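The values are calculated or read from the model by the stated rules, or taken from the named source; none is laboratory data. Please read these numbers as outputs of a predicted model, since none were measured by experiment. Here the Cβ positions follow ideal geometry from the backbone for every residue, glycine too, while neighbour counts run over all protein chains shown. Side chains are part of the model used for accessible areas, which takes the heavy atoms of the whole protein and leaves out ligands, DNA and RNA. Shrake-Rupley method; radii C 1.70, N 1.55, O 1.52, S 1.80 Å.
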Amino acid sequence: MTLEAAFRYIDDRSEEIVERLVRLCRQPSVSAQNLGLEECARLVQTMMEEVGLQAEILPLTEGPPVVLGRYERPGAQKTLVFYNHYDVQPPEPLELWESDPWAAEIRDGRVYARGAADNKANIASRLSVVDALLKTQGELPCNLIWVVEGEEETGSPHFKEFIERYGSRVRGQGAIWEFGGLDYGDVPAVTLGLKGMLYVELSVKTLGRDAHSANAAIAENPAWRLIRALSTIQDGLGNITVEGWYDDVRPFTPEELEALEREPLDEEQLRRDLGISQFLRGLTGLELKKALAGAPTANIAGLWSGYTGKGHKTVLPAEAHAKMDFRLVPDQDPKKLAQLLREHLEKHGFGDVELKIQAETPAARTPITDPIVRVAAETAREVFGKGPNIHVSSAGSGPLYYFTNALKLPTVAIGCNHPYSNTHAPNENQRIDVLIQGTKWIAAVVERFASA
Ligand SMILES: [Zn+2]
């Protein structure tokens with residue numbers, strides 16, 4: 001079977017593919033603001049049915065529903081699974097947008113809208129893959145299951161429940177994650193993993209009420225206390241000093257290290273982008289890439305106490321707070337780490353620092369030797385004529401673990417995204433040429449996956 005007809009169909013119908021994206025973008029769906037989620041779920045269901053999939057809406061106890069699409073090919077041995085999310089980030093600040101974030105205006109070969117790149121382009125693209133293959137071949141070459149959730153942008157708080165309740169319906173031999181596409185220089189990229197996350201809030205209270213700061217002579221300041229507690233967690237060079245924190249860290253395999261060596265990283269550009277003169281500990285080369293892809297982190301995301309307004313106020317605050325995000329790597333268990341952190345604080349005399357867990361997701365990484373990785377890489381080369389870059393792990397996080405570990409689905413992140421798409425920022429946009437090329441890539445992956 002040849003993909004020539006499907007590729008020609010995709011080129012001929014490129015306007016229809018863009019229309020799918022525009023239609024999705026014009027339906028607001030902000031999970032953080034509970035805006036338009038049910039409507040967007042229904043729209044995704046309708047659009048799945050329009051291209052020939054079965055689709056249903058699966059409710060959860062709380063939060064927006066998950067849309068489950070399905071195609072069954074009689075007698076097929078293999079099932080490919082897609083993961084996407086129909087929710088988007090809030091569009092604010094609105095004044096920085098050059099056009100209405102829900103208008104999906106087309107300018108300079110791009111669609112400008114909140115959610116255009118993250119993640120609606122990949123939904124439009126995959127709908128178009130199904131359409132193209134069904135129209136040119138009469139059937140898909142394998143079974144397909146498609147999970148589209150509505151809370152990814154708020155940390156997928158009910159995705160675990162989805163897996164527990166409906167996971168038996170999401171069985172397959174491989175999966176394609178929501179994001180991916182081109183790196184800088186327009187080289188296609190295949191990403192194999194995501195870091196996990198433990199998000200906590202630490203609070204300490206040393207006084208019954210805010211007091212005149214003259215009392216600092218006789219009463220303990222909670223901000224100092226919290227700072228001393230925090231300073232026992234990390235050594236200032238990025239090393240986490242909680243006993244046992246690194247015990248379960250899975251080392252890179254020789255194949256992963258080789259891929260990291262080959263992975264391009266423009267250090268100069270990254271430094272400029274971050275506005276720093278040098279990386280932590282003077283990291284460079286392979287060590288820098290290893291840190292991004294595989295180092296656990298202990299980051300203070302927010303820190304507050306007392307008076308932070310204009311002018312001065314001499315106050316001895318009653319309480320102090322910090323928010324911390326710990327990025328995790330494969331085999332680290334967030335529950336165990338939260339316990340280690342609690343014990344660490346107690347052992348250092350900070351048992352009064354209250355620890356609240358706000359989110360926890362384990363890390364995930366698909367083995368680089370898995371057949372789905374080869375399928376994604378070969379087809380990338382064929383469609384784009386170069387690459388791909390293999391990213392062992394993104395430095396970011398997401399609920400990939402539930403696919404790779406709970407459902408045992410080897411998963412790659414590939415799609416039609418491109419750099420400079422301003423995801424999560426004003427003027428988010430999707431390049432139309434990458435939308436079309438990325439659609440051919442996924443079509444080729446479906447075909448190759450089925451026959452491999
Ligand atoms: Zn996002």
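Taking all protein chains together and rolling a 1.4 Å probe, Lys335 ends up with roughly 120 Å² accessible.
In whole Å, what is the distance between the alpha-carbon centres of the stretch 375-452 and the stretch 80-119? Cα centroid to Cα centroid, the span is 18 Å. Taking a Cβ cut-off of under 15 Å around Ser231, the surrounding Lys, Arg, Asp and Glu residues balance to a net charge of +2, with basic ones at +1 and acidic ones at -1. Length gained on full extension, Arg26 to Ile357: 115.6 nm, using 0.36 nm per residue less the C-alpha separation.
Compute the Rg/Rh shape ratio of the stretch 232-378: radius of gyration over Kirkwood radius, all on alpha-carbon atoms. Can you show the working numbers first?
Working: Rg = 19.4 Å, Rh = 18.5 Å.
For the stretch 232-378, the value is 1.05.
Measuring between their Cα centroids, the stretch 197-236 and the stretch 297-346 lie 10 Å from each other.
Net charge near Pro426, counting Lys/Arg +1 and Asp/Glu -1 over other residues with Cβ under 10 Å of its Cβ? The partial results should precede the final answer.
On the way: positive: Arg114; negative: Glu92, Glu95, Glu98, Glu428.
Local net charge: -3.
A straight Cα-to-Cα reach below 16 Å connects Lys290 with the aspartates and glutamates Glu255, Glu256, Glu258, Glu261, Glu263, Asp266, Glu267, residues fewer than 8 places away in its own chain not being considered. The solvent-accessible area of Thr361, taken with every protein chain present and a 1.4 Å probe, is close to 20 Å². Remark: for residue pairs Lys313/Lys347; Lys205/Lys313; Lys195/Lys310; Lys160/Lys323, the C-alpha separation exceeds 27 Å in Lys313/Lys347; Lys195/Lys310. Only the Cβ atoms of Lys and Arg (+1) and of Asp and Glu (-1) were treated as charged; on that basis the dipole of the chain about its Cα centre amounts to roughly 520 debye.
With all protein chains in place and a 1.4 Å probe, the accessible surface of the chain carries 49 percent carbon and sulfur.
Restricting to Cα pairs below 8 Å that are 6+ residues apart, what does the relative contact order work out to for the stretch 255-382? Please round to a whole percent. Can you show the working numbers first?
Working: 86 pairs, mean separation 24.6, N = 128.
Relative contact order comes out at 19 percent.
Each principal axis of the Cα cloud of the chain was taken in turn, and the coordinate range along them, longest first, works out to 81, 48, 45 Å. The stretch 148-181 and the stretch 22-64 have Cα centres spaced 14 Å apart.
For the stretch 51-172, a/c is not less than 1.5, where a ≥ b ≥ c are the root eigenvalues of the C-alpha gyration tensor, and a/b does not top b/c. That puts it in the oblate class.
To the nearest ten degrees, helix 285-294 and the longest principal axis of the Cα atoms of the chain are 90 degrees apart. Within a straight-line Cα-Cα reach of under 20 Å, Lys386 can be paired with the following lysines, leaving aside sequence neighbours fewer than 8 residues apart in one chain: Lys440. In this simple spin-label model, placing a label point 7 Å from the Cα along the Cα-to-Cβ direction at both Asp12 and Thr241 gives a separation of 6.8 nm. Against the criterion of solvent-accessible heavy-atom surface with a 1.4 angstrom probe, His348, His391 sort, most first, into His348, His391.
Using bins 10 angstrom wide from zero, how does P(r) for the stretch 329-452 break down, in % of all Cα pairs? The distribution over the stretch 329-452 is 11, 29, 29, 17, 10, 5, 0, given as percents.
Using 1/(1 + (r/R0)^6) with R0 = 25 angstrom and r between the beta carbons of Glu258 and Ser451, what's the FRET efficiency to the nearest 0.05?
Details: r = 27 Å, r/R0 = 1.10.
Result of the calculation: an efficiency of 0.35.
Largest accessible area first, the residues Ile57, Ile442 order themselves as Ile57, Ile442 under a 1.4 Å probe with ligands, DNA and RNA left out. Of Trp245, Trp304, the order by accessible heavy-atom surface (1.4 Å probe, DNA, RNA and ligands excluded), from most exposed downward, is Trp304, Trp245.
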